[in-house]
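First the structure, in the form of structure tokens, and then the observations on it.
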């Protein structure tokens, strides 16, 4: 949760709970599908799992 809080929550102000929830849902999707991670050899978590299978 640390990365999500730093990259989304602390850097933005949300007017409603719904806006915060939408931002979190969008970020989680992005994190798993598009955000490349050095520790996974430059792959997203989804790409890494597909490669391991």
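Brief remarks follow.
- log₁₀ of I(q)/I(0) at q = 0.18 Å⁻¹ - the chain, Debye sum with one point per alpha carbon: -0.64
- Per-residue extension of 0.36 nm, minus the Cα-Cα distance of residue 13 and residue 36, leaves a gain of 5.7 nm for this segment.
- 0 to 90° range, to nearest 10: angle between helix 17-33 axis and the chain longest Cα axis: 10 degrees
- Nearest-0.05 FRET efficiency for residue 49 and residue 21, computed from C-beta distance (R0 35 Å): 0.85
- The chain: relative contact order in percent, alpha carbon pairs under 8 Å with at least 6 residues between: 22 percent
- The chain - mean residue ellipticity at 222 nm from DSSP helices (-39,500 (n - 2.57) per run, n ≥ 4, rounded to 500): -15000 deg cm²/dmol
A short reminder: the numbers here are calculations on the coordinates, not readings from a lab. As the structure is a prediction and not an experimental result, all values here were calculated from the model. With ideal geometry, Cβ positions are generated from the backbone for all residues, glycine too; neighbour counts draw on all protein chains shown.
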